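Student: Quick one: the structure is below, questions incoming.
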Amino acid sequence: MLVTVSLACAVLAAASNAVGSVMQRWAALLVPRSDHFRIGLMWDLLRTPVWVLGIGGVIFAALFQGAALATGPLAVVQPVFLLELPFTLLIAGIAFHRPVTRATWLSVGSIVVSLCLGLFAAAPSGGTLQAPAALWVAVTTCCLGAMALLCTIAFRHRVGRSRAAYMGLAAAIGYALTAALMKSATDTLGRQGI
């Protein structure tokens, strides 16, 4: 029963994050290019309903992700967040009036089917509830180092696909680390309280 709740929360987290990503992108397009780094930008964005909706999507995504990780194993929950990609494409296609091509949907479908097959074949289960502090330090250091390296490489490339790929890899590592830390925190909260 808890796994069903966990999976439902994971799907809702993916959908909420997709809404947040698309709405924030939409809000970024509404801000004039010359105003990207001016001091009053945050005030302007706070008065932009699309941006506020985007922030709401991100907040709900974090809440749903926390609920999913509190009720289910990380190895099952985290891969479900990959559904954010098709949700984002669908919502962006509607919001920006750009239909997604068949080739794109086939690629996304391949990713989702591969994920399902991988989860089924791996049959993840068990694990420890808490990792030792020394392991957290090592993992966090490696993740932050890899993210810094990928960002450094990204900024040496011109704006385009290569830069986006490196930044995407850095973000993926950051999201994975965040999920692992959130799983640990929700476990601690469940066992020891605030």
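Student: Quick check: anything in the stretch 83-104 at pLDDT 90 or above, closer than 25 Å to residue 180 by Cβ and not small (Gly, Ala, Ser)?
Tutor: For the stretch 83-104, residues at pLDDT 90 or above, closer than 25 Å to residue 180 by Cβ and not small (Gly, Ala, Ser): present.
Student: Farther than 18 Å from residue 177 by Cα and of a type in the set (Val, Ile, Thr): which single residue out of 76, 52 fits that description?
Tutor: Unique residue meeting the criteria: 52.
Student: When residues of the stretch 155-183 are filtered for being surrounded by 14 or more Cβ atoms within 10 Å (Cβ to Cβ) and part of a loop (DSSP other than H, G, I, E, B), how many remain?
Tutor: So the answer is 1.
Student: OK, next. In the list 112, 100, which residue meets the criterion of being touching a helix residue (DSSP H, G or I) at 6+ places or on another chain (Cβ under 8 Å) and outside any helix (DSSP H, G or I)?
Tutor: 100
Student: Related question: Say we look at the stretch 39-58 and pick out the residues that are hydrophobic (A, V, I, L, M, F, W, C) and open to solvent by 90 Å² or more (accessible area, probe 1.4 Å); which of these is nearest to the chain's Cα centre (by Cα)?
Tutor: 53
Student: For residue 78, state whether it is at pLDDT below 85, in a helix (DSSP H, G or I) and open to solvent by 30 Å² or more (accessible area, probe 1.4 Å).
Tutor: Criteria met by residue 78.
The values are calculated or read from the model by the stated rules, or taken from the named source; none is laboratory data. Being a predicted model, the structure only gives us computed values, none of them experimental. Cβ: placed from backbone, ideal geometry, glycine included. Neighbour counts: every protein chain shown. To get the accessible areas, we keep the full protein, side chains included, count just its heavy atoms, and leave off ligands, DNA and RNA. Shrake-Rupley method; radii C 1.70, N 1.55, O 1.52, S 1.80 Å.
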